[in-house]
Every structure is written in C-alpha cells, then in structure tokens.
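Undergrad: Below you'll find the structure I mean.
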Amino acid sequence: MKCVEATDSDRDFLRMLLDYNLVPGAGNALDYFDTLELCFSETTAKLRYVKSEWGTIMTIRAGDMHVIPRIPLALTLQRIVPHPKLRVVVADEIADDIPEGGTVFSRHIIEIDSELRAGDEALLVNEHDRLIGVVTLRLSPQEILFFTQGAAGILRERIKKVTK
C-alpha cells in the first residue's frame, strides 16, 4: 500500500463520497480527524483505505467506490448523524452476544432507518444508542421488520465492550 497525505481537494472528495454513500451531512465527520492519509493499491492504483491518527477510518470498495466505515468513523458518525438515521437498533439483551463477523437476526432488531437498503452499511446500536459496530444489511428495512426469522445483516466490525 502506498499512502499519501490528503490535500484539501482530497478531503472535499471524501466528504462528497461520504455524503453520497451514507447520508447527507456524513462528510462533516472528516472535520473531527486532524490528519488523513489516502492509501492506494499498488497493483490497481485505486483508493482502498483512508487512515487518520486513530487508525483506518474507512475502506473503499474498489469496484464501485462504496464506503465501508470502520469503528473510528462510525463513532464520529454516531455523534453527528441524528437518530434514527443510519442506525439499526437491536435489543439490549443480545447486544453483547453478537460476535464480530456474526449474524444479526431480524427478530432482534427493534428499529431501523427506513431509508437504508439491502447491501448498505449501517451503525448497529443498542436501545440506548450506544454503538455496537458496523453492520452490512442483507435485507431491506421493510423486510427486516416484517420477518421474525432469518439473517438481517452481518456484523463487519464491533466495539469490544458495549456499556449501557
């Protein structure tokens, strides 16, 4: 990986990418990071990661430039994006039991942002809006709330300890 310091125009591009991929206003999360580095693939020369002083904050899917937030960016998004936007709310009883890479089942989801779509990345939170991790949805919000069985999403990355 070849990493370079982000310029002002790079920050503007990333801000627009976050606004487009997640929700309008999500790009303002970049203001909370002092330094940003753009990391490019050596074989394809495409943007793959964005790093900050807190580590990798997002991964960029090379095929379609889709943003996959990591925990530092997810924590910032949780602060600046109003509830219920970009959120999947699960019951407190199972919040600590979902393993990283594990399945989030439809029956455990209490509330979900109706503007999300299948395949989107979302913030997985408990009933008290505490971040659990980043989840990739497998179903649409309408399907998730309709079905009582089956996988609603896969937890990509989680915070180690969730407190109430």
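Read-outs: derived from the displayed coordinates by stated rules, not from any lab. The model shown is predicted, which means the values in this text are computed figures rather than measured ones. Note that we place each Cβ from the backbone using ideal geometry, even for glycine, and neighbour counts take in every protein chain shown.
Undergrad: Would you pull out the residues with amide H under 5 Å of L36's amide H, same chain only if 5 or more places away, H placed 1.01 Å from N?
TA: The answer is A6.
Undergrad: So if I take the alpha carbon set of the chain, get Rg, then get Rh from the Kirkwood formula, what is the Rg over Rh ratio?
TA: On the way: Rg = 15.8 Å, Rh = 16.2 Å.
Checking Rg against Rh, the ratio lands at 0.98.
Undergrad: Relative to the longest principal axis of the chain, what angle (0 to 90°, nearest 10) does the C-alpha long axis of helix 8-21 take?
TA: 20 degrees
Undergrad: Still on this structure, I have one more. Mean 1/r over all different Cα pairs, inverted: what Kirkwood radius does segment 83-158 give, in Å? List each step's numbers first, then the result.
TA: Values: mean 1/r = 0.0859 Å⁻¹.
Hydrodynamic radius (Kirkwood, Cα only) of segment 83-158 equals 11.6 Å.
Undergrad: Explain nothing, just the number: dipole magnitude of segment 79-123 about its Cα centre with +1 on each Lys and Arg Cβ and -1 on each Asp and Glu Cβ, in debye rounded to the nearest 20.
TA: Values: 5 positive and 10 negative charges, 45 e Å.
Using Cβ point charges on Lys, Arg, Asp and Glu, segment 79-123 gives about 220 debye.
Undergrad: What angle do you read, to the nearest 10 degrees and between 0 and 90, between the alpha-carbon axis of helix 71-80 and the longest principal axis of the chain?
TA: It works out to around 80 degrees.
Undergrad: Right, something else. Quick check: Cα centre of segment 78-156 to Cα centre of segment 9-49, how many Å?
TA: What the calculation gives is 24 Å, centre to centre.
Undergrad: Suppose a student asked you for the relative contact order of the chain, using Cα pairs under 8 Å spaced at least 6 residues apart; what percent would you report? Spell out each step's value before the answer.
TA: On the way: 330 pairs, mean separation 28.4, N = 164.
Once normalised by length, the contact order is 17 percent.
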